[in-house]
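Read the structure below first, then the notes.
Read-outs: derived from the displayed coordinates by stated rules, not from any lab. Since we're looking at a predicted model, the values are computed, not measured. Positions of Cβ are generated from backbone atoms using ideal geometry, with glycine treated the same way; all protein chains shown enter the neighbour counts.
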Amino acid sequence: MAHDLLLAGGRVIDPSQGLDAVADVAFRDGKVAAVGLDLSRESVAEVRDVSGKLVTPGLVDLHTHVYWGGASIGIDPTDYARRCGTTTMIDAGTAGAGNFAGFRSHVIEPTEPRILAYLNVSFAGIFAFSDTVMVGECEDLRLLHPRSCLHVAEMHKDLLVGIKVRVGQRASGPSGFHPLDIAIEVAEEAGLPVMCHLDWPPPSRRDVVARLRPGDVLTHCFRPFPASPARSDGEVREEILEARERGVLFDIGHGMGSFGFATAEQMLAAGFLPDAISSDVHSLSIKGPAYDQLVTLSKFLQLGMEIPDIIAASTTGPARAIRRPDLGTLKPGSVGDATVLEIYEGKVNFTDSLGETRIGHQRFVLSSVVLDGAVWHVQG
């Protein structure tokens, strides 16, 4: 049977199938049609030679802020996808019940790459986040209206993947962990997971992590001190190990202030790999130190994480977190998304949220993006 597109001869890495081998990937009618060695070229509409390149399922960035034009924190999702090859962007609670309809109509629906979202438990969403004005949306409990949040969550079930809450000295201030309790109550009623941001205590890491349920996500999971998941001796804290044991998921969420090399080195040395590696890209972090998804993934190359594990943390890991097994995979019949990457060899300087640097010798570079079975973007 004829195919619309065939990516020929690349190193196909698909953790959902345990696949890491040179192979072809064929697409038909917007879906993955076949993966295998030396697939027939007969009657294929377009064949692209990707030999020497990595072919992965479409990358999923679990933590982005892409309410472009509607919130000061938002960045342009189309430009971002062309920059780093994410075929699915998960917006991490930029919009709340009061403005999600605008986010949907003005950004999500017109954008070709897929955007799914966590709904912020705060009615206003992240409404004041910039280099000049910074107000935590959970500082004032009057902005948290559980019924409104639940109502909007039920109205937009097709796009919403969970409830987002930000707690910590900067995000919730005197409200402490109470916004998390409210978010969990809404999420339980809606049948959704929670993504929880924790910045500076209070509340404490222990108080926050103890509340999270199986399938909930703790983002910014490799934060530097304070709220680091590792002790000064390099041991992973007991509450973090207990949380993983009961099914809590751990997401990097690099951002401006939420990723430390020293913490990452401790956690990886202890065998604690993140479930998802995400950028937390927003209007500030896109200027550094996160920059984008590929820079964030490249930092884990420098840290010694194996390439298949890095790809898993940006495909199957986030797909599991959002309960979308049809994403982050190249299984025949699945969504026809793929990201084609190259590995640049040469000296690279990487910087974390504290300004500490590491020198790497490899980084991921985008080659092209396939959306719904067709080439959507070719870099350069």
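With r defined as the distance between the Cβ atoms of LYS347 and VAL47 and R0 fixed at 35 Å, what FRET efficiency is calculated, to the nearest 0.05?
With R0 = 35 Å, the Cβ-Cβ based efficiency is 0.50.
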(message) Please check: in the Gaussian network model of the chain (C-alpha springs, under 10 Å), which one of GLY360, GLY253, GLY317 has the largest mean-square fluctuation.
(response) GLY360
(request) Return the FRET efficiency for the residue pair GLU235, GLU189: r is the Cβ-Cβ distance, R0 is 56 Å, and the value is rounded to the nearest 0.05. (result) 0.90
(request) For the stretch 231-271, state which trypsin sites (Lys or Arg not before Pro) are in a DSSP loop and have at most 14 other beta carbons lying within 10 Å of their beta carbon. (result) ARG231, ARG246
(message) Along the Cα→Cβ direction, 7 angstrom out, place labels at GLU242 and GLN362. What is the inter-label distance in nm?
(response) 3.8 nm
(request) Would you mind ranking ARG166, ARG114 so that the residue whose beta carbon has the fewest other beta carbons within 10 Å leads the list? (result) ARG114, ARG166
(message) Suppose each label sits 7 Å from its Cα in the direction of the beta carbon; what would the ALA21-SER40 distance come out to in nanometres?
(response) 2.1 nm
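For the stretch 30-76, state which trypsin sites (Lys or Arg not before Pro) are in a DSSP loop and have at most 12 other beta carbons lying within 10 Å of their beta carbon.
On the way: sites: LYS31, ARG41, ARG48, LYS53; in loops: ARG41, LYS53.
Passing sites in the stretch 30-76 are ARG41.
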(request) Mind running the shape call on the stretch 212-367? Use the C-alpha gyration tensor, a ≥ b ≥ c as the square roots of the eigenvalues: rounded below 1.5 for a/c, prolate if a/b tops b/c, oblate otherwise. (result) oblate
(message) What distance in nm lies between label points placed 7 Å from Cα along the C-beta direction at SER148 and ALA210?
(response) 3.1 nm
(message) Please rank VAL44, VAL217, fewest neighbouring Cβ atoms within 10 Å first, as an exposure proxy.
(response) VAL44, VAL217
(request) Could you tell me which GluC sites (Glu not before Pro) in the stretch 180-255 are loop residues by DSSP with no more than 15 other beta carbons within 10 angstrom of their beta carbon? (result) GLU235
(request) Beyond 22 Å between alpha-carbons counts as too far, so tell me which of LYS53/LYS299; LYS164/LYS287; LYS164/LYS331 fall in that bin. (result) LYS164/LYS287; LYS164/LYS331
(message) Please arrange SER232, SER122, SER367, SER258 by how many other C-beta atoms lie within 10 Å of their C-beta, fewest to most.
(response) SER232, SER367, SER258, SER122
(message) If the only charges are +1 at each Lys and Arg Cβ and -1 at each Asp and Glu Cβ, what is the size of the charge dipole of the chain around the Cα centre, to the nearest 20 debye?
(response) 280 debye
(request) Could you calculate the FRET efficiency of ALA101 with VAL135 from 1/(1 + (r/R0)^6), where r is the beta carbon distance between them and R0 is 30 Å, rounded to 0.05? (result) 0.85
